[in-house]
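The block underneath contains the structure these notes are about, expressed in structure tokens.
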Amino acid sequence: MDPLVVATFAVVALLEIIVPLALGYWIVKKFGAPWQVFVLGALSFIAVQVVHTPLVLVTQAPLYLAVLPMGTMAAVAVLAVYLGLLAGLFEEVGRYLVYRYFFPRREISLARENGLQFGAGWGGVESMIVALLVLSSMVSYIVVTSNGSMLFIPGDPAVQAQVEALRALTPLDILPGLAERMMTIVLHIAWSLMVLAAVVYGRKALLALAVIWHTAVDAAAVYLVEMQGLLVTEAVIFVFAVLGFAYILWEWRRMGARAAS
């Protein structure tokens, strides 16, 4: 067992929890958007996943097997687009419905500050859930790399392959996951502002654009991680995140100008 790997697991998980909370706190202090909106974003993400995740689990394997005769590359591409489209539809339409119907009932204004905080909560809780999975991986790593642990591991080749992958881990294998979470939070804030704009301006084309953008990001991630590896995937997500950050700044100014007029 490498103590540095364990420490990296722990630090990554801790940051994936602390950073979203720190971001929410900063938005509260800087812009006055209440914690209520952060929590609402988090709960909305969870509510969407209650339906989205089981649907993915039930349908992805049959779909992949159905298109596999087309070839592995084509099958992965079809599956990537399917999973991306599901994520885009469920999450962006979910955001739209919350803005359109729940915000008015709770007398929460459709202000840019609340859109920022809502996105931070949405992406933040996803990061926290991933942090729990990271901690689970850390426990698995400790178990399989401890002396005598092999006595409790089945001899199945698939299980053995997973064990060997865990044993071969280095800190550099763990850190990209942290970077991805931070980039994904940026994207969730961008999409939250875009869908908010769709409601505020009465332009459903912006909702459709958010769905397409989200689909593109998730589809690219699923396809590239299988075909090109982790580093290429993270590089592409970084490009999307930069575009997301640019959009946040642009939409923030546009909504500010609209509110001032």
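The values are calculated or read from the model by the stated rules, or taken from the named source; none is laboratory data. Quantities reported herein were computed from a predicted structural model and do not represent experimental measurements. No Cβ is skipped: glycine too gets one built from the backbone with ideal geometry, and neighbour counts run over all protein chains shown. Keep in mind that these areas ignore ligands, DNA and RNA; they rest on the heavy atoms of the full protein, side chains included. Shrake-Rupley method; radii C 1.70, N 1.55, O 1.52, S 1.80 Å.
Data overview
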quantity	calculated
Hey, residue 213 at pLDDT 95 or above and closer than 18 Å to residue 96 by Cβ or not	yes
Verdict on residue 208 being touching a helix residue (DSSP H, G or I) at 6+ places or on another chain (Cβ under 9 Å), of a type outside the set (S, T, N, Q) and either in a helix (DSSP H, G or I) or on the phi < 0 side of the Ramachandran plot (or both)	yes
Subset of region 191-205 that is of a type in the set (A, V, I, L, M) and either open to solvent by 20 Å² or more (accessible area, probe 1.4 Å) or touching a His at 6+ places or on another chain (Cβ under 6 Å) (or both) - its residue that is nearest to residue 232 (Cα to Cα)	205
Residue selected from region 211-241 under the condition free of Cβ contacts under 8 Å to residues at least 12 places away in the same chain and either assigned to a helix (DSSP H, G or I) or open to solvent by 50 Å² or more (accessible area, probe 1.4 Å) (or both), by the criterion farthest from residue 198 (Cα to Cα)	228
Residue list for region 12-34, restricted to those being open to solvent by 60 Å² or more (accessible area, probe 1.4 Å) and touching a residue at least 40 places away in the same chain (Cβ under 8 Å)	14, 15, 21, 31
When residues of region 90-105 are limited to those that are over 15 Å from residue 193 (Cα atoms) and either free of Cβ contacts under 8 Å to residues at least 24 places away in the same chain or among the β-branched types (Val, Ile, Thr) (or both), the one least open to solvent (accessible area, probe 1.4 Å)	104
Residue check, residue 9 of a type in the set (A, V, I, L, M, F, W, C), within 21 Å of residue 92 (Cα to Cα) and crowded, with 21+ Cβ neighbours inside 10 Å	no
Residues satisfying the stated conditions in region 70-89, i.e. touching a helix residue (DSSP H, G or I) at 6+ places or on another chain (Cβ under 8 Å) and open to solvent by 60 Å² or more (accessible area, probe 1.4 Å)	70, 73, 81, 82, 85, 89
Total residues in region 233-261, condition aliphatic (A, V, I, L, M), at pLDDT 95 or above and within 20 Å of residue 110 (Cβ to Cβ)	2
